[in-house]
Amino acid sequence: MPIIRLPDGSECKFDQSITVMEVAKSIGARLANAALAGKVNGKLVDTSDRIEVDSDLVIVTEQDSEGLEIIRHSSAHLLAHAVKELFPEAQVTIGPVIENGFYYDFSYKHTFTPEDLKAIEKRMIEISRRDLKIKRKIWERSEAIKFFKAQGEHYKAQIIEAIPGEEDVSLYSQGNFTDLCRGPHVPATSRLKVFKLMKVAGAYWRGDSHNEMLQRIYGTAWTKKEDQDTYLLHLEEAEKRDHRKLGRKLNLFHIQEEAPGMVFWHASGWIVWQQVEQYIRGVLKNNGYQEIRTPQVLDKALWERSGHWENFRENMFTTHSEERNFAIKPMNCPGHIQVFNQGLKSYRDLPLRLAEFGSCHRNEPSGALHGLMRVRTFTQDDAHIFCTEAQIQNEVVNFIDLLQKVYSDFGFNDILVELSTRPQMRVGSEKQWDEAETALELALQHKQLAWKVQSGEGAFYGPKIDFSLKDSIGRMWQCGTLQLDFSMPERLGAEFVAEDNTRQVPVMLHRAILGSLERFIGILIENYAGALPLWLSPSQVVVMNISEKQANYAIKITEELKCSDIRAYADLRNEKIPYKIREHSLQKLPYQIIVGSKEVSTETVSVRTRSGADLGQMSLQVLIERLKVEISTKIGAA
């Protein structure tokens with residue numbers, strides 16, 4: 001006679017065991033029709049799952065985040081079902097939920113075409129309309145392996161064989177299709193109504209390049225069509241803003257096969273880089289940081305002492321010379337401690353803030369590389385603050401102030417803050433962790449910031465705060481971070497003389513605002529769709545003459561702009577003005593100056609913005625003052 005406790009505090013008593021769906025029906029037909037799954041004592045289960053004892057129950061519907069995830073999980077199975085009906089020789093492998101959708105990997109001798117995707121999606125719709133009941137069965141492991149081998153599904157058999165232990169496995173059937181899965185799933189295929197297949201990509205079995213290359217079909221699924229339409233429009237907009245395409249179009253950078261994950265910066269792109277770097281350099285100088293430079297290559301022994309060799313070895317590039325093993329640095333922190341260790345430090349020297357535009361190398365998998373967003377060679381706006389435990393909170397507050405100012409100057413004002421607390425595996429005393437987490441919390445409270453707690457997600461050496469910025473189309477990018485480290489300074493022998501003349505180990509704060517400069521510039525390109533603010537634009541003004549008669553005047557104007565530190569050039573080509581205007585607008589150039597006979601005679605300039613706004617005639621000096629204000633205040637050009 002189980003008693004079911006519902007979220008509103010009410011209780012339902014039943015004479016015998018009862019399924020989740022039966023509980024929903026007892027409450028009302030509307031809830032039963034909406035039910036996708038249940039959460040019994042915190043565990044997600046199918047609506048067909050039977051409750052035997054007193055339990056807390058939440059009926060999961062499409063209004064819940066878990067409901068959407070279940071829809072996407074079930075849509076992956078729907079995809080596999082459709083593929084098996086259309087292409088019986090294809091083998092199914094794995095089909096997990098991912099952000100905004102799902103995928104399923106298939107082993108098939110023929111390459112899926114765009115036409116195949118359309119046919120598969122059409123078949124998915126047909127199967128959905130069949131309203132097939134989705135049923136869960138528990139099988140003995142050996143029987144499940146035998147079943148899948150008989151079906152020619154050798155990958156499924158491998159998956160079961162690789163599961164540790166001897167427990168039975170759960171299989172889900174819908175019509176004549178059966179798949180291995182932990183579940184839960186929606187009650188019937190008819191509950192899957194809003195989905196779309198997106199693309200096909202290659203993926204190695206188990207992510208190992210020595211294994212077979214499978215075909216991965218990606219899809220998206222939603223509870224409402226309007227949500228999917230919004231998402232697809234978002235993707236379309238993101239496609240237009242793809243920094244890789246804009247990088248080529250605007251002649252900013254390129255990446256080629258001979259240097260995978262490494263960037264060739266062109267002249268225009270390097271101007272953007274320099275503007276970002278010099279801006280950050282000024283920020284560091286004005287906020288008590290000392291800029292340093294540390295070696296690219298360090299002996300393996302140092303990386304062993306720091307702990308990186310044990311925990312990060314597979315991502316490090318190595319080299320060998322004169323019977324010594326070296327590693328190209330994947331991060332800057334061990335080098336900064338070496339600088340700190342030169343000369344005995346006193347408590348009076350703390351906090352000591354050491355910054356470096358440190359060039360790092362990480363051996364990222366080739367399949368994970370993505371333009372500027374994921375590279376193997378990158379430069380960080382990296383800094384490490386050596387301080388006492390009593391100074392932590394003040395340093396955190398100062399860092400948050402600095403980060404907010406920098407993000408605002410780049411046009412980002414919506415910031416997500418996440419506090420990651422002690423993980424299960426960690427170093428340092430509980431007292432240290434208590435004090436460190438409290439210091440971070442107090443700093444966030446002092447700044448009156450809202451934040452999310454990521455319980456157990458801190459680094460093994462200390463808690464951290466991560467900062468993600470929202471771009472102009474609503475995407476979140478994690479860039480800034482502040483991490484407390486109790487471990488590495490001690491491992492590498494850092495110490496200072498305290499007020500009581502004892503030797504103590506400093507706390508080290510790892511901090512970055514932009515993170516990787518490459519990635520941040522990629523974010524900027526996409527945020528502004530290539531139309532960078534005036535202060536960041538490679539070229540800020542183009543001067544165009546209407547005819548040959550104004551060429552000398554255009555050259556004079558251009559030189560005066562350059563003398564005022566405006567990045568300008570003259571376009572003196574024998575082309576019609578509308579053609580020139582269109583071409584420079586496509587190149588996202590902020591301001592266009594047009595000079596004809598009238599401008600020459602009045603010693604003025606006619607000015608247009610890249611958005612097409614006609615600012616009319618003005619003196620060059622008035623324009624220069626306008627540009628200087630816009631550059632200094634970092635507001636965006638129209």
Exercise. Scanning for something of a type in the set (S, T, N, Q), modelled with pLDDT under 95 and out of contact with any Lys or Arg (no Cβ under 8 Å at 6 or more places or on another chain), does the range 363-374 turn up at least one residue?
Worked result: yes
Exercise. So, of the residues in the range 442-489 that are part of a helix (DSSP H, G or I) and in contact with a Pro (Cβ under 9 Å, 6 or more places away or on another chain), which turns out to be modelled with the lowest pLDDT?
Worked result: MET488
Exercise. Between residues in the range 229-255 that are over 26 Å from LEU517 (Cβ atoms) and residues that are open to solvent by 60 Å² or more (accessible area, probe 1.4 Å), which pairs lie under 8 Å by C-beta distance while being six or more apart or on different chains?
Worked result: LEU232/LYS196
Problem set entry | Which numbered condition GLU304 misses (of (1) at pLDDT below 95; (2) farther than 16 Å from ARG362 by Cβ; (3) open to solvent by less than 60 Å² (accessible area, probe 1.4 Å)) | (3)
Exercise. Considering only helices (runs of 4 or more DSSP H) fully contained in the range 1-87, which possess at least 1 residues that are touching a residue at least 60 places away in the same chain (Cβ under 8 Å) and crowded, with 22+ Cβ neighbours inside 10 Å?
Worked result: 65-86
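Listed here are the residues, each with its yes/no results for (1) in contact with a Ser or Thr (Cβ under 9 Å, 6 or more places away or on another chain); (2) part of a strand (DSSP E or B).
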| position | (1), (2) |
| --- | --- |
| SER209 | yes, no |
| TYR218 | no, yes |
| PRO260 | yes, no |
| ILE280 | no, no |
| LEU284 | no, no |
Exercise. Among the residues of the range 498-516, is there at least one that is open to solvent by 20 Å² or more (accessible area, probe 1.4 Å) and touching a His at 6+ places or on another chain (Cβ under 9 Å)?
Worked result: no
For this session: Could you please find all residues in the range 378-437 being part of a helix (DSSP H, G or I), in contact (Cβ under 8 Å) with a residue 12 or more places away in the chain, among the charged types (D, E, K, R) and open to solvent by 50 Å² or more (accessible area, probe 1.4 Å)?
Result: GLU389, ASP401, LYS405, GLU435
Exercise. From the set of residues in the range 338-358 that are crowded, with 16+ Cβ neighbours inside 10 Å and out of contact with any helix residue (DSSP H, G or I) (no Cβ under 9 Å at 6 or more places or on another chain), which is nearest to GLU291 (Cα to Cα)?
Worked result: VAL339
Exercise. Take the residues of the range 591-612 that are open to solvent by less than 40 Å² (accessible area, probe 1.4 Å) and assigned to a loop (DSSP other than H, G, I, E, B): which is nearest to LYS576 (Cα to Cα)?
Worked result: GLY596
For this session: Being more than 28 Å from the chain's Cα centre (by Cα) and in a loop (DSSP other than H, G, I, E, B) is the filter here, so list the residues in the range 295-316 that pass it.
Result: PRO295
Seminar exercise, completed: Across the range 613-638, the tally of residues that are among the aliphatic types (A, V, I, L, M), without any contact (Cβ under 8 Å) to a residue 60 or more places away in the chain and part of a loop (DSSP other than H, G, I, E, B) stands at 2
Exercise. Which of the residues that make up the range 88-117 are open to solvent by less than 10 Å² (accessible area, probe 1.4 Å) and either assigned to a strand (DSSP E or B) or of a type in the set (Lys, Arg) (or both)?
Worked result: VAL92, GLY101, PHE102, TYR104, ASP105, PHE106
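The values are calculated or read from the model by the stated rules, or taken from the named source; none is laboratory data. Since the structure is predicted, the reported quantities are computational estimates derived from the model, not experimental observations. In this analysis, Cβ positions are derived from the backbone assuming ideal geometry, glycine residues included, and neighbour counts consider all displayed protein chains. Just the protein is used for accessible areas: all its heavy atoms, side chains included, with ligands, DNA and RNA removed. Shrake-Rupley method; radii C 1.70, N 1.55, O 1.52, S 1.80 Å.
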